[in-house]
Amino acid sequence: MMRLPAGIAACLLLISCSGPEAPPEPPATPVRIVTVAQQAVPNVVELPGRVQAVRTAEVRARVTGIVQERLFEEGTDVRAGQPLFRIDPRELRASNAQNQAALARARATAANARAVVERYRPLVEENAISGQEYDAALAASREAEANVAQIRAQLDASSLQLGYTTVRAPIAGRVGRGLITEGALVSQAEGTLMTRIEQISPVYVSFSQAASEVLKLRRAVAAGNIDLDENDRVEVRLTFSDGTEYPIPGYIDFLAFSVDQQTGTVELRAEFPNPDQLLLPGEFVRARIFAGQVQNGLSVPQRAVSLTEQGGSVFIVDREGKAAMRQVELGAMVDGNWIIESGLNPGDKVIVSNLQKIRPGAPVQVVTTPTGRRPAAQRTGNQPAAANPATRREAN
């Protein structure tokens, strides 16, 4: 058996013992950070809401008759008192004429009775007639006057009924579609519904909040943890179903002082200007209620948060200079920042750039300039960029 020289054998032994070399540690990824600090943040409560008209009037028939004409255009704005329908007035006009004639007859009778009393007054003083005859004439005169008053009231009622043949708008607002057509019979007894008018400038938005949350908010305000507006107004902002935001804020104008026994919620309502009539009654919206400001709150930029089915998460720089993932409980988003309910502490360094390049445990390097670009002084050799065309090309 051939024996190898001692030097060669030692080299082979060293090679066999050393094994494969460990891979080098990946280079640190440059990132930018924001340091979490306590500050006053809005106390935002998000709730679903529903738009309601400030006033809604049902236009119903107040007389019985045949509809002759519709006098409005459906879906347009109408003013208070504007004619909407015309009902055949001929029958009521005849009844009104009868009452006028009856009133004229009653007045004539009353005038004659007064004349008899005037003639009997000097005669009874001279004992030319008995007092009983004078009393009878006086009673007849009073009865005639009462009959005049009764027929006058009947005439007023018939005139009122005649006026109801022209159906007018009780309030100003947006009129809906006509629920009856020309030639239809409407009934006073049934109060036939003819159309609806809704006043939608401004509008109400109503929503409900759990009674326990309302109690929690009241306690926080009483303890001084939440500061309300100087006028104690609570601002509300709306978001449509497509995600766009309604540009005009509203304010809470009603808070129920009783709890719904079936749902355990408290009703709230906000009033919103609606000059362009973008908010329509019955529409569902998302309401963000700005119930004051929370002292010592936390927030991070929107770009720092990754959203998953489990919630939100952020990357922070740990004590070893590596990226670490934190699950956070998110509140509302206000002005491009997520309000953090839990998961972060003051002083945490949250990564806001190169999030797609880092993984948990990967080394990172905090930079103060935009990632991947050198400071301007290094690019230009401490000279203005405009004085060095070659440097401008390199930077570009």
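The values are calculated or read from the model by the stated rules, or taken from the named source; none is laboratory data. The model shown is predicted, which means the values in this text are computed figures rather than measured ones. Glycine also receives a Cβ, built like all others from the backbone with ideal geometry; neighbour counts cover every protein chain displayed.
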Query raised in the report: What are the residues in the stretch 168-201 that are more than 12 Å from residue 58 (Cα to Cα), among the aliphatic types (A, V, I, L, M) and assigned to a strand (DSSP E or B), if any?
Result: 185, 186, 200
Report task. Six or more apart or on different chains, Cβ under 6 Å: which pairs go from a residue in the stretch 61-76 that's not assigned by TED's automatic domain parsing to the domain that holds residue 277 to one that's part of a strand (DSSP E or B) and basic (Lys, Arg)? Could you list them? Result -> 68/86; 69/86
Query raised in the report: residue 165 fails exactly one of the following numbered conditions: (1) within 30 Å of residue 75 (Cβ to Cβ); (2) exposed (fewer than 13 other Cβ atoms within 10 Å of the Cβ); (3) touching a helix residue (DSSP H, G or I) at 6+ places or on another chain (Cβ under 7 Å); (4) of a type outside the set (D, E, K, R). What is the number of that condition?
Result: (2)
**Report entry** the stretch 321-342 - residue that is assigned to a loop (DSSP other than H, G, I, E, B) and in contact (Cβ under 8 Å) with a residue 24 or more places away in the chain and, of those, farthest from the chain's Cα centre (by Cα)
**Finding:** 321
Query raised in the report: Does the stretch 63-92 hold any residues that are surrounded by fewer than 13 Cβ atoms within 10 Å (Cβ to Cβ) and charged (D, E, K, R), and which are they?
Result: 69, 73, 74, 79, 90
Report task. Report yes if residue 161 is in contact (Cβ under 8 Å) with a residue 60 or more places away in the chain, polar (S, T, N, Q), outside any strand (DSSP E or B) and in contact with a Phe, Trp or Tyr (Cβ under 9 Å, 6 or more places away or on another chain), otherwise no. Result -> no
Report task. Among the candidates 127, 112, 147, 96, single out the residue that is more than 30 Å from residue 177 (Cβ to Cβ) and assigned to a loop (DSSP other than H, G, I, E, B). Result -> 127
Query raised in the report: Identify, please: which residue in the stretch 96-129 is surrounded by 15 or more Cβ atoms within 10 Å (Cβ to Cβ) and either basic (Lys, Arg) or not assigned by TED's automatic domain parsing to the domain that holds residue 148 (or both) and is, among those, farthest from residue 150 (Cα to Cα)?
Result: 114
Query raised in the report: Does residue 206 fit the bill of being of a type in the set (Ser, Thr, Tyr) and either at pLDDT 90 or above or part of a helix (DSSP H, G or I) (or both)?
Result: yes
